[in-house]
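First up is the structure itself, then whatever we jot down about it.
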Amino acid sequence: MDLDVIFLGTAASAPTAQRSPAAVLVRRGGERLLFDCGEGTQRQLQRSAVGLPDIEEIFLTHYHADHFLGLPGMLKTFALRGRDETPLTVYGPRGLRELFKQLQPFVGRLPYPVSLVELEPGETVPRGDYAIEPFAADHGVAALGYALVEPERPGRFDVAVADGLGVPAGPARGRLQSGEPVELSDGRTVTPAEVLGEPRPGRRVVISGDTAPSPAVVQAAYGADLLVHEASFLADESERARETMHSTAAQAAEVASLAQVRLLALTHVSPRYFGPELADEARAVFPATVVPRDFDLIEVPFPERGAPRLVKNGGRPTRTEVEAPMIEPS
């Protein structure tokens, strides 16, 4: 199951010529989960390799304008192009319904169903074979971070051992792989522990949203494959960071170090910085740090297949996609 993160918007509160406001798209298999929807997010999607699909779930971290201002335009675009049956669910901290009440005059009546789900820290959103776990961010307003969490997986099936035990090929081996013991034709019982290796960890991707450095983020991100953490300031502006309840690059790196994550990605980059200076400050504390730009992508493989990897411009369309002629609808 492929898992990656496309950075659609990596700016702080104000967009720049190179960076748009906050928006992160997580792709897991065929699913598309959007975290925050800053100004211009729909255009960023249209410029990306993903395009603008009928996104079915949006997770908002909080209700400062740079994190939701792209919603009204995106919702209207979905309506204008004929979306009428595909439901949309928007998740967020308390205050989500009030936000949509204020947006109603701008959004108007939508032809497709929209569900609003207000979440509390620790209230898990089950997703079948994984979950979204919201946790409290420290930003002075109702604010959440989100962890995408996969469960532990069974160990690798040892074919040679199964052959030696006389387990026939077919359904019996499937049951063993799913954790069930099987009884052989001679009356012997073979247990999963006899043919499976050590359990393998699932993946964990954590998105902090805007936050001061927080023990809650450390706890949520503990052992994560990827932590996406804001870094609005450098250490020489730590007082300003404290006043606004944001983080410095060094503080985000300390969170990553305490949480023992595999890779730290810094976002929410202020117009006063270009990125390398944030990376330098953070790497002095936590070397496995990157500062993605818009349309960069981070691949998150299963742990046994390697470390998370930043792919520069990995979220942009290929040359072939860019040059392909557009076919107008009849």
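The values are calculated or read from the model by the stated rules, or taken from the named source; none is laboratory data. These numbers come from a predicted model, not from an experiment. We place every Cβ from the backbone using ideal geometry, glycine too, and count neighbours over all the protein chains shown. Side chains included, ligands, DNA and RNA excluded: accessible areas come from the protein's heavy atoms. Shrake-Rupley method; radii C 1.70, N 1.55, O 1.52, S 1.80 Å.
Only residues that are over 20 Å from residue 22 (Cα atoms) and assigned to a strand (DSSP E or B) were counted in the stretch 209-244, giving 0.
Residues in the stretch 122-153 that are over 30 Å from residue 64 (Cβ atoms) and exposed (fewer than 13 other Cβ atoms within 10 Å of the Cβ): 128, 129, 151, 152.
The residues listed here are 240, 203; of these, the one that is surrounded by fewer than 21 Cβ atoms within 10 Å (Cβ to Cβ), modelled with pLDDT of 95 or more and not hydroxyl-bearing (Ser, Thr, Tyr) is 240. The residues in the stretch 168-195 that are touching a Phe, Trp or Tyr at 6+ places or on another chain (Cβ under 7 Å) and surrounded by fewer than 11 Cβ atoms within 10 Å (Cβ to Cβ) can be counted, and the count is 0. Suppose we filter 116, 103, 110 for residues that are over 30 Å from residue 242 (Cβ atoms), in a strand (DSSP E or B), open to solvent by less than 60 Å² (accessible area, probe 1.4 Å) and touching a helix residue (DSSP H, G or I) at 6+ places or on another chain (Cβ under 6 Å); which single one remains? 116 is the lone residue from the list that is over 30 Å from residue 242 (Cβ atoms), in a strand (DSSP E or B), open to solvent by less than 60 Å² (accessible area, probe 1.4 Å) and touching a helix residue (DSSP H, G or I) at 6+ places or on another chain (Cβ under 6 Å).
Identify all residues within the stretch 154-167 that are assigned to a loop (DSSP other than H, G, I, E, B) and either open to solvent by 70 Å² or more (accessible area, probe 1.4 Å) or touching a Pro at 6+ places or on another chain (Cβ under 8 Å) (or both); write none if there are none. 154, 155, 156, listed by residue number. Given the condition among the acidic types (Asp, Glu) and at pLDDT below 95, answer yes or no: does some residue in the stretch 26-35 qualify? The answer is no; no qualifying residue exists. Annotation note: Cβ proximity below 7 Å between a residue of the stretch 116-131 that is farther than 19 Å from residue 94 by Cα and a residue that is in a loop (DSSP other than H, G, I, E, B) (sequence gap 6+ or interchain) occurs for 130/150; 131/124.
Residues of the stretch 280-290 that are of a type in the set (Gly, Ala, Ser), more than 24 Å from residue 202 (Cα to Cα) and either open to solvent by 20 Å² or more (accessible area, probe 1.4 Å) or out of contact with any strand residue (DSSP E or B) (no Cβ under 6 Å at 6 or more places or on another chain) (or both): 284 alone.
Taking the condition touching an Asp or Glu at 6+ places or on another chain (Cβ under 8 Å) and either assigned to a strand (DSSP E or B) or open to solvent by less than 60 Å² (accessible area, probe 1.4 Å) (or both), does residue 77 pass? If you could, list the steps in order and put the result at the bottom.
Values: touching an Asp or Glu at 6+ places or on another chain (Cβ under 8 Å): no; either assigned to a strand (DSSP E or B) or open to solvent by less than 60 Å² (accessible area, probe 1.4 Å) (or both): yes.
It is false that residue 77 is touching an Asp or Glu at 6+ places or on another chain (Cβ under 8 Å) and either assigned to a strand (DSSP E or B) or open to solvent by less than 60 Å² (accessible area, probe 1.4 Å) (or both).
Can we say residue 10 is among the hydroxyl-bearing types (Ser, Thr, Tyr), open to solvent by less than 20 Å² (accessible area, probe 1.4 Å) and in contact (Cβ under 8 Å) with a residue 40 or more places away in the chain? Yes, satisfied. Would you pick out the residues in the stretch 197-211 that are over 15 Å from the mean Cα position of the chain (by Cα) and acidic (Asp, Glu)? 198, the sole residue that qualifies.
Working only within the stretch 291-319, note down all residues that are part of a strand (DSSP E or B) and surrounded by 21 or more Cβ atoms within 10 Å (Cβ to Cβ).
We begin by selecting, within the stretch 291-319, every residue part of a strand (DSSP E or B); these are 297-299, 309-311.
Result: 297, 298.
Determine whether residue 198 is surrounded by fewer than 22 Cβ atoms within 10 Å (Cβ to Cβ) and under 22 Å from residue 270 (Cβ atoms). It would help to see each step written out before you state the result.
Details: surrounded by fewer than 22 Cβ atoms within 10 Å (Cβ to Cβ): yes; under 22 Å from residue 270 (Cβ atoms): no.
Considered against the rule, which asks whether it is surrounded by fewer than 22 Cβ atoms within 10 Å (Cβ to Cβ) and under 22 Å from residue 270 (Cβ atoms), residue 198 comes out as no.
Scanning the stretch 55-71 for residues that are hydrophobic (A, V, I, L, M, F, W, C), open to solvent by 30 Å² or more (accessible area, probe 1.4 Å), modelled with pLDDT of 95 or more and part of a helix (DSSP H, G or I) turns up at least one hit. When restricted to residues that are in contact (Cβ under 8 Å) with a residue 40 or more places away in the chain, of a type outside the set (A, V, I, L, M, F, W, C) and surrounded by fewer than 21 Cβ atoms within 10 Å (Cβ to Cβ), the stretch 246-269 contains 2.
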